[in-house]
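Visitor: Let me begin by handing over the structure; questions about it come next.
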Amino acid sequence: MRSSGRNSRGSGSQNYRGAGNKRDDKQQRAGRPRPEERRYDAGGGGQGGQGGGGRKKGGPKAAPAKGRGRGSAPARPREYDAQIEERNRARHSKPPVKLPKTFGEPEGERLQKVLARAGMGSRRACEELIDQRRVEVNGEVVTEQGLRVDPEKDEIKVDGLTVATQSYLFFALNKPAGVVSTMEDPEGRQCLGDYVTNRETRLFHVGRLDTETEGIILLTNHGELAHRLTHPRYGVRKTYLAAIQGPIPRDLGKQLKNGIQLEDGYARADHFKVVENTGKNYLVEVSLHEGRKHIVRRMLAEAGFPVDKLVRTSFGPIALGDQKSGWLRRLTNTEVGMLMREVEL
């Protein structure tokens, strides 16, 4: 009895594993392998020994795996991938949804950004100008940050002076003697355009100076400003220094202010004074708002004092100062604002 029990437990011909042995016997009779003998294809259906698939040497053939099993998922058909890609393209190619203005980007630019771009300082400095209530938009003082403006339409002022927020250029040139007051000269003579050849934007010269007259002349691409600065209606004052030979009478200034008769009508000076006198050499200052051709030379010559040398030292509020002959400088924002106020812009 004992020996038979040991033999039965040690024998490999029979496997007593509880209730499952009947199921295994049925699978063997049906020609199907037991679960522990099955092999799953993990490498795409290769032969035995390749990727763990195939069949075990001497064993039954591996049954084809249904579904994913324990191996990798089968490759998707190309048609399915094409459909996915087509759906993705259709989803991303839809036109953007137009949101109401409440949810869209606010219109205009921040005021401090516009001021900074116009050269009024850094954005932080421009914010301080707004905090100090020194900035006006369309006649109203700005009292808080974040205001948005349209630089093309809104009128912006700082300390009462208009800020040129658009892409305008303003220059002052100390024109030397011998330079023609044109932007181009068909005869090839030196002209104003020779001093601004590297500018991408076309500039206009404001008024003229005769070839032998030196001094300040303005250049800009602001057509309306250039027009108003030379229009008699606005009467922008120009100041000149003239070198003449004396002696001169004490009432010369009075004569010029009362008016000198010229061939094209009376011409009157707004101001006259003697700046320097060395022997017979006099340096006199004449201011007037007229802009007729050679007006200062003609007035002094008619009074009996031909001009040896003439220099324009200021045009409206813009002074020549110590700017060297032939030098071009960009006007400051304050100077541009003063020019615009001069002609009601």
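Throughout, read-outs are computed from the coordinates displayed, never taken from laboratory work. In this text, all values refer to a predicted model and were calculated from it rather than measured experimentally. Backbone-built Cβ (ideal geometry, glycine too); neighbour counts: all protein chains shown.
Visitor: Go through Lys254/Lys324; Lys273/Lys324; Lys153/Lys238; Lys273/Lys309; Lys113/Lys175; Lys113/Lys324 and tell me which ones have a Cα-Cα distance over 27 Å in this structure. Present the calculation step by step, with values, prior to reporting the outcome.
Guide: Values: Lys254/Lys324 33 Å; Lys273/Lys324 24 Å; Lys153/Lys238 31 Å; Lys273/Lys309 16 Å; Lys113/Lys175 35 Å; Lys113/Lys324 34 Å.
Those over the limit are Lys254/Lys324; Lys153/Lys238; Lys113/Lys175; Lys113/Lys324.
Visitor: OK, next. Quote the relative contact order of segment 248-345 in percent (integer), defining contacts as alpha-carbon pairs under 8 Å separated by 6+ residues.
Guide: Once normalised by length, the contact order is 16 percent.
Visitor: Take peptides 323-329, 172-178, 215-221 and line them up by average Cβ neighbours within 10 Å, highest first, as a rough protection proxy.
Guide: Ranked from most to least packed, the peptides come out as 215-221, 172-178, 323-329.
Visitor: Please list, in order along segment 307-322, the HN-Hα scalar couplings obtained from phi with the Karplus expression 6.51 cos²θ - 1.76 cosθ + 1.60 (θ = phi - 60°), rounded to whole Hz, x for Gly and Pro.
Guide: These are the phi-based 3J(HN,Hα) values: 8, 8, 8, 9, 9, 8, 9, 7, 10, x, x, 9, 9, 5, x, 9 Hz.
Visitor: I need the Debye-formula profile for segment 126-195: one equal scatterer per C-alpha, no solvent, reported as log10 I(q)/I(0) at q = 0.14, 0.18 1/Å, two decimals.
Guide: One equal scatterer on each Cα of segment 126-195 leads to -0.60, -0.71.
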